[in-house]
Amino acid sequence: MGGHVIECFDNTLYGFFAVILAPLFFPSTSYAVQILGSYGAFAAGFLARPVGAIIFGGVGDKTGRRKPLLYTMGFVGIPTIGIGLLPSYETIGIMAPILLILCRLLQGLFMGGEFAGVNIYLLEGQQKKSLGTNTGYLISSGIFGAILATGFGAMITMDFIPDWGWRVPFLLGGLSAFCVYLFRKKVSETQDFIKENVSQSMLASPWKEVLLKHKFVLGVSCLATGLTIMPLYLATIFGNRLFKEIGFSQSESMFLNMFAMFLDAVFVTVCGKMADRVGFKKQTILGAIVIMVIALPSFVLVLPSNISTLNIYFYIFILASFGCVINGSTFPYVGRLFPIRCRYTGLALSITVGHALLGGTTPLIASFLTDFMGTRLAPAFWLMFIAGLTAIGIFYTNPLIQENDKD
């Protein structure tokens, strides 16, 4: 789980520092252009993940689940440290944003198989009766990494911290990745993969199997996995824009983000335990429906006519807590939709494509829709649309393995 902590730490760190980094790497007379440029670099890290999913997913399906988990941690620390050392636009000109985007792309590439790999370890492990519970703990551990990043963000944005202080968390995140790599060298292979390997049913190109024979499942899985992070990103990363417009300082915004993360970490463990009792398919559909219901009321709270500090906290509470009902069940369920011989690739593509198209672009799309439509309600309709598609799609899927599921 340590790798997921690092993944969430590094990714959240950039997301929360997007507002700070915007004028350093994307100079412009327009604040909106700066923010769009910085959010675009945030999205770039997600857009590279599907490529990493194909690369590391293929390694995981053909040679074992252990190797890609080693490789991802072994390499991801390099671009993370690179961001911490990167000169600003004022120093090296146009190369600054180019190198920043390159580092984000490399981060995304190396993380392409990370979260999927850890989920497969749980799915193919010995504790199948507590799969939902363990998944909740896994996601919660990642949120801990995000909370840690947010805490650094809150501290770094205080007045007494020097201007270069934002670099320190990136350097620490990169070094931590190398420590996780050393720990993972002791991890053994999963028994399910060993049995499948003995039967000699391994595929030469797992990604072709996924794209040719499991297209519908892949599409639905992308929707579901992307939806798992949309509410939280609207409450935090996009929320930072709202908080700044309302008058909160950067440090105050970071503490609001920590509040959102804490709620999510608590509720996701509860939702994971609930999935073991309710069933993964049922809860995934329920989670999508809940998001449809809470989307519009949450954004009504941040309309200019309704703004208050209390309503900001309610906005965060609704999105962060109710929005994570789907998290405790989606990843175990999606993993069950793919056969063992292409499961790593299928789950990795589902997570990375879903997170790239729906999660990583959430702040960018939300900002664009808000400006284009001239209302803060605009992101709510986008969220409702994706949640509705997800609920319908999951309804028409069936898991390949029924163990411990109450569907």
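Let's see how each residue does on (1) assigned to a helix (DSSP H, G or I); (2) within 20 Å of the chain's Cα centre (by Cα); (3) aromatic (Phe, Trp, Tyr); (4) within 26 Å of Tyr137 (Cβ to Cβ):
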{"site": "Ser298", "(1), (2), (3), (4)": "yes, no, no, no"}
{"site": "Ser321", "(1), (2), (3), (4)": "yes, yes, no, yes"}
{"site": "Gly359", "(1), (2), (3), (4)": "yes, yes, no, yes"}
{"site": "Ser367", "(1), (2), (3), (4)": "yes, yes, no, no"}
{"site": "Phe385", "(1), (2), (3), (4)": "yes, yes, yes, no"}
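Tell me the residue from Ile285, Ile291 that is crowded, with 24+ Cβ neighbours inside 10 Å and in a helix (DSSP H, G or I), please. If you could, list the steps in order and put the result at the bottom.
Numbers: Ile285 fails: crowded, with 24+ Cβ neighbours inside 10 Å.
Only one candidate passes the filter, namely Ile291.
Is it the case, given these coordinates, that Ile81 is open to solvent by 10 Å² or more (accessible area, probe 1.4 Å) and either at pLDDT 85 or above or touching a Ser or Thr at 6+ places or on another chain (Cβ under 7 Å) (or both)?
On the way: open to solvent by 10 Å² or more (accessible area, probe 1.4 Å): yes; either at pLDDT 85 or above or touching a Ser or Thr at 6+ places or on another chain (Cβ under 7 Å) (or both): yes.
In short, yes.
Scan region 226-254 residue by residue and report those that are part of a helix (DSSP H, G or I) and aromatic (Phe, Trp, Tyr). It would help to see each step written out before you state the result.
Let us first name the residues in region 226-254 that are part of a helix (DSSP H, G or I), namely 226-227, 230-235, 237-246, 250-254.
Hits for region 226-254 are Tyr233, Phe238, Phe243.
Within the set of pairs 6+ apart or on separate chains, which have a first residue in region 49-75 that is surrounded by fewer than 21 Cβ atoms within 10 Å (Cβ to Cβ), a second that is hydroxyl-bearing (Ser, Thr, Tyr), and C-beta atoms under 6 Å apart?
Gly74/Tyr181
Taking Ile392, is it within 28 Å of Lys215 (Cα to Cα) and among the aliphatic types (A, V, I, L, M)? It would help to see each step written out before you state the result.
Values: within 28 Å of Lys215 (Cα to Cα): yes; among the aliphatic types (A, V, I, L, M): yes.
Against the criterion (within 28 Å of Lys215 (Cα to Cα) and among the aliphatic types (A, V, I, L, M)), Ile392 qualifies.
Spot the failing condition for Tyr315; the list is (1) in contact (Cβ under 8 Å) with a residue 60 or more places away in the chain; (2) touching an Asp or Glu at 6+ places or on another chain (Cβ under 9 Å); (3) within 17 Å of Met384 (Cα to Cα), and only one is missed.
All conditions pass for Tyr315, except number (2).
Every residue in region 120-140 that is among the polar types (S, T, N, Q) and open to solvent by less than 10 Å² (accessible area, probe 1.4 Å), please.
The initial filter retains those residues of region 120-140 that are among the polar types (S, T, N, Q), namely 126-127, 130, 133-135, 140.
Thr135 - this is the single residue of region 120-140 that is among the polar types (S, T, N, Q) and open to solvent by less than 10 Å² (accessible area, probe 1.4 Å).
The values are calculated or read from the model by the stated rules, or taken from the named source; none is laboratory data. All values derive from a computational prediction rather than experimental measurement. Don't worry about glycine lacking a Cβ; one is built from the backbone with ideal geometry, like all the others, and counts go over all protein chains shown. With ligands, DNA and RNA removed, areas are computed over all heavy atoms of the protein, side chains included. Shrake-Rupley method; radii C 1.70, N 1.55, O 1.52, S 1.80 Å.
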